[in-house]
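Novice: Here it is, the structure in full.
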Amino acid sequence: DAEIYYYQVVSVTRTNLTSLPTEPIKIATVGPPDAVSGVAAAGGLIRKIVLTWQPNSDPNLKGYAILRKSGRGNWEKIKTLEGQALNTYTDERLADDTNYAYRVVAFNIAGTEAPPSAIVTATTKGAPAPVQRLEAAGNQVRKVTLSWNRVEEPEVMGYAVFRAVKSSGPFEKIAFVKGQETTQYVD
């Protein structure tokens, strides 16, 4: 990578006589891509962090490697993305209320890596608030009507309903109620 070479060619006969060499030509191989710039990490999301960066315009670029570390741990390659124009990655299934550090590394078609980007950090949000005031309407024939208070968080997209025949469980998921506004279910 990023090396200069010189070449000459001679013609050779059957008896190993050689001609005069050609004039030397100079050629350089491609070096590593430039470091990724403009890296940003958006935290404050439930168990995920969204990374963005400026796409690299190197015509030999093949993709990007995402590196992550938490706490005093080591850098770990968590994802390899192929494609020059890519500029975002969502890291999901993370721990609640945890700070993570990231670097993005570009690599070319030969697999040569650029220097790592600047380090960016973000913190995940904790689990959504629990449902408050679960109530059931009793004395109904072969049905139970459940109601609860709405959870006021933008990430909440609905509510999972679980049922058991004993208070100790096991509980089984019986429904998913879509929508943050819907706060009632009839079983």
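The values are calculated or read from the model by the stated rules, or taken from the named source; none is laboratory data. Model, not experiment: these values are computed from the prediction. Note that we place each Cβ from the backbone using ideal geometry, even for glycine, and neighbour counts take in every protein chain shown. Heads up: the accessible areas ignore ligands, DNA and RNA and are worked out on the full protein's heavy atoms, side chains in. Shrake-Rupley method; radii C 1.70, N 1.55, O 1.52, S 1.80 Å.
Novice: Identify the residue in region 10-45 that is β-branched (Val, Ile, Thr) and either within 30 Å of residue 93 (Cβ to Cβ) or surrounded by 11 or more Cβ atoms within 10 Å (Cβ to Cβ) (or both) and, among all such residues, is modelled with the lowest pLDDT. Break it down stepwise before answering.
Specialist: Our first condition is that a residue be β-branched (Val, Ile, Thr); within region 10-45, this holds for 10, 12-13, 15, 18, 22, 25, 27, 29-30, 36, 39.
Imposing the further condition that a residue be either within 30 Å of residue 93 (Cβ to Cβ) or surrounded by 11 or more Cβ atoms within 10 Å (Cβ to Cβ) (or both) reduces the set to 22, 29-30, 36, 39.
On the way: 22: 97, 29: 88, 30: 85, 36: 96, 39: 98.
Filtering first and then ranking leaves 30.
Novice: How about region 83-106: which of its residues are at pLDDT below 95 and closer than 22 Å to residue 32 by Cβ?
Specialist: Passing the criteria: 83, 84, 85, 86.
Novice: Also, I was wondering about something else. Determine whether region 46-58 contains at least one residue that is charged (D, E, K, R), closer than 22 Å to residue 122 by Cβ, at pLDDT 95 or above and in a strand (DSSP E or B).
Specialist: no
Novice: Checking the structure you have, find out if any residue of region 30-37 is under 21 Å from residue 120 (Cβ atoms), part of a loop (DSSP other than H, G, I, E, B) and of a type in the set (Asp, Glu).
Specialist: Looking through region 30-37, at least one residue is under 21 Å from residue 120 (Cβ atoms), part of a loop (DSSP other than H, G, I, E, B) and of a type in the set (Asp, Glu).
Novice: List the residue pairs whose Cβ atoms are under 8 Å apart, where the first residue sits in region 71-96 and is without any contact (Cβ under 8 Å) to a residue 12 or more places away in the chain, the second is of a type in the set (D, E, K, R), and the two are 6 or more positions apart or on different chains.
Specialist: Sorted first by the residue in region 71-96, then by its partner, the pairs are 76/68; 76/69.
Novice: Taking residue 73, is it closer than 30 Å to residue 10 by Cα, among the small types (Gly, Ala, Ser) and out of contact with any His (no Cβ under 7 Å at 6 or more places or on another chain)?
Specialist: Spelling it out, it is not the case that residue 73 is closer than 30 Å to residue 10 by Cα, among the small types (Gly, Ala, Ser) and out of contact with any His (no Cβ under 7 Å at 6 or more places or on another chain).
Novice: Which residues, taken from region 112-123, are touching a residue at least 24 places away in the same chain (Cβ under 8 Å) and not in a strand (DSSP E or B)?
Specialist: 112, 114, 115, 116, 117, 118
Novice: So is residue 185 hydroxyl-bearing (Ser, Thr, Tyr), touching a residue at least 24 places away in the same chain (Cβ under 8 Å), open to solvent by less than 30 Å² (accessible area, probe 1.4 Å) and not in a loop (DSSP other than H, G, I, E, B) or not? Give the derivation first.
Specialist: Details: hydroxyl-bearing (Ser, Thr, Tyr): yes; touching a residue at least 24 places away in the same chain (Cβ under 8 Å): yes; open to solvent by less than 30 Å² (accessible area, probe 1.4 Å): no; not in a loop (DSSP other than H, G, I, E, B): yes.
For residue 185, the condition - hydroxyl-bearing (Ser, Thr, Tyr), touching a residue at least 24 places away in the same chain (Cβ under 8 Å), open to solvent by less than 30 Å² (accessible area, probe 1.4 Å) and not in a loop (DSSP other than H, G, I, E, B) - is not met.
Novice: Here is a check on your reading of the model: is residue 11 out of contact with any helix residue (DSSP H, G or I) (no Cβ under 6 Å at 6 or more places or on another chain), of a type in the set (Ser, Thr, Tyr) and touching a residue at least 60 places away in the same chain (Cβ under 8 Å)? Before you say what the answer is, go through the steps one by one.
Specialist: Working: out of contact with any helix residue (DSSP H, G or I) (no Cβ under 6 Å at 6 or more places or on another chain): yes; of a type in the set (Ser, Thr, Tyr): yes; touching a residue at least 60 places away in the same chain (Cβ under 8 Å): no.
No.
Novice: Across region 110-138, what is the number of residues that are of a type in the set (Gly, Ala, Ser), modelled with pLDDT of 90 or more and open to solvent by less than 20 Å² (accessible area, probe 1.4 Å)?
Specialist: Residues in region 110-138 being of a type in the set (Gly, Ala, Ser), modelled with pLDDT of 90 or more and open to solvent by less than 20 Å² (accessible area, probe 1.4 Å): 3 in total.
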